[in-house]
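In what follows, a single structure is set out as structure tokens and then discussed.
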Amino acid sequence: MACKHTGATIRVAPIDQAGNLLLDQFAGLFSDRTKLVGITQVSNVLGTIYPVKQVVELAHARGVPVLVDGAQSAAHLPIDVQDLGCDFFAASGHKMYGPSGTGFLYGRTEWLERMESSEGGSEMAQSVTFTDWQPKPLPQKFEAGTPAITETVALGTALDYMNGIGMERIKAYEQALVGYATQQLAAIDRVQVLGAGTDRVSIVSFVIDGLEPHQVGQFLDQEAGIATRFGQLSCQPLIKFLGIPGAVRASFSFYNTRDEIDRLAEAMALCVQQQG
């Protein structure tokens with residue numbers, strides 16, 4: 001949408017069939033016209049954890065800022081924006097167990113001071129006339145209107161809860177679950193786990209040869225009471241690149257157990273038997 005508005009073009013970072021970022025080829029995409037690098041920290045289809053720090057180093061060596069999409073990572077990995085070195089980091093609140101409609105955008109001061117406000121209103125204005133206006137200094141410069149105060153307080157409580165558990169602990173537990181789920185599902189006839197072999201967290205996506213994703217997802221729901229996401233998973237370009245019509249995605253968090261994965265594997269085996 002931004003490209004359509006500004007006339008910019010997108011150069012797509014290359015990956016292999018497993019979902020690994022091809023860093024050498026990525027480095028060759030830069031030109032003197034490159035304005036911004038955007039990268040997701042964790043794939044919402046494959047669960048792959050991408051090498052954000054290396055991407056930032058490549059971009060900064062060429063004077064290009066980096067925006068990290070942390071929507072899929074903030075609830076599953078310890079995040080240190082100073083360690084990552086990124087210029088912007090965005091995440092959504094409901095994926096961190098907070099209210100829907102919340103989230104945040106972190107930005108480095110040097111960039112936020114250069115950027116213009118896209119909206120205006122309420123406490124963000126320093127001075128207003130009929131012909132001009134001046135914003136307040138950061139962060140009020142980008143806080144147009146009355147913020148979602150109640151929802152944001154609730155999001156803060158959710159973040160305190162996760163930090164109380166420990167993000168390193170959450171990451172280790174979830175990666176162990178993903179490894180176990182991958183092992184159990186890959187052992188089932190005709191099941192292909194997507195992204196296997198990459199550094200992953202939180203999710204396992206898979207396809208069953210001969211069955212459509214909606215057949216599998218509906219069977220798991222109706223016959224086993226297991227909720228999954230199925231279809232193109234809000235990522236049509238990646239699904240097309242993988243050469244599949246869609247996939248089924250099982251998501252895991254710190255409250256899930258191996259027993260639940262065993263139930264999923266049993267239901268999957270039954271699905272293959274009955275639907276195949």
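The values are calculated or read from the model by the stated rules, or taken from the named source; none is laboratory data. Model, not experiment: these values are computed from the prediction. All Cβ positions, even for glycine, are placed from backbone atoms using ideal geometry, and neighbour counts span all protein chains on display. Accessible surface is based on the protein model in full, side chains and every heavy atom, while ligands, DNA and RNA are left aside. Shrake-Rupley method; radii C 1.70, N 1.55, O 1.52, S 1.80 Å.
Here are a few things to note about the model shown:
- Any pair with Cβ under 6 angstrom, 6 or more apart, that starts in the range 44-58 at a residue that is within 12 Å of residue 27 (Cβ to Cβ) and ends at one that is among the aliphatic types (A, V, I, L, M) and in a helix (DSSP H, G or I): 58/27
- Filtering the range 165-199 to residues that are in a helix (DSSP H, G or I), touching a strand residue (DSSP E or B) at 6+ places or on another chain (Cβ under 8 Å) and hydrophobic (A, V, I, L, M, F, W, C) leaves 178, 181, 185, 186.
- Within the range 111-134, the residues that satisfy the criterion of being in a helix (DSSP H, G or I) and among the aliphatic types (A, V, I, L, M) are 112, 124.
- Among the conditions (1) among the charged types (D, E, K, R); (2) under 24 Å from residue 77 (Cβ atoms); (3) out of contact with any strand residue (DSSP E or B) (no Cβ under 8 Å at 6 or more places or on another chain); (4) surrounded by 14 or more Cβ atoms within 10 Å (Cβ to Cβ), the only one that residue 249 does not satisfy is (3).
- Residue match in the range 21-34 (condition: under 15 Å from residue 238 (Cβ atoms), free of Cβ contacts under 8 Å to residues at least 60 places away in the same chain and either assigned to a loop (DSSP other than H, G, I, E, B) or within 19 Å of the chain's Cα centre (by Cα) (or both)): yes
- Each residue in the range 149-170 was checked for being over 19 Å from residue 76 (Cβ atoms) and in contact with a helix residue (DSSP H, G or I) (Cβ under 9 Å, 6 or more places away or on another chain), and 3 of them qualify.
- Selection within the range 247-276 - within 25 Å of the chain's Cα centre (by Cα) and either outside any helix (DSSP H, G or I) or farther than 16 Å from residue 185 by Cβ (or both): 247, 248, 249, 250, 251, 252, 253, 254, 255, 256, 257
- Within the range 182-202, restricting attention to residues that are in contact with a Phe, Trp or Tyr (Cβ under 7 Å, 6 or more places away or on another chain) and buried (at least 17 other Cβ atoms within 10 Å of the Cβ), the residue that is farthest from residue 246 (Cα to Cα) is 202.
- Within this structure, residue 244 fails the test of being within 30 Å of residue 51 (Cβ to Cβ), buried (at least 18 other Cβ atoms within 10 Å of the Cβ) and either of a type in the set (Val, Ile, Thr) or more than 19 Å from the chain's Cα centre (by Cα) (or both).
- Top-ranked residue of the range 52-110 - restricted to ones that are hydrophobic (A, V, I, L, M, F, W, C), part of a loop (DSSP other than H, G, I, E, B) and within 14 Å of the chain's Cα centre (by Cα), ranked as farthest from residue 176 (Cα to Cα): 71
- Residues (under 24 Å from residue 74 (Cα atoms) and open to solvent by 70 Å² or more (accessible area, probe 1.4 Å)) located in the range 1-44: 12, 36
- Selected residue [in a helix (DSSP H, G or I) and under 18 Å from residue 265 (Cβ atoms)] from 153, 207, 216: 216
- Residue within the range 100-119 that is buried (at least 19 other Cβ atoms within 10 Å of the Cβ) and of a type in the set (A, V, I, L, M, F, W, C) present: no
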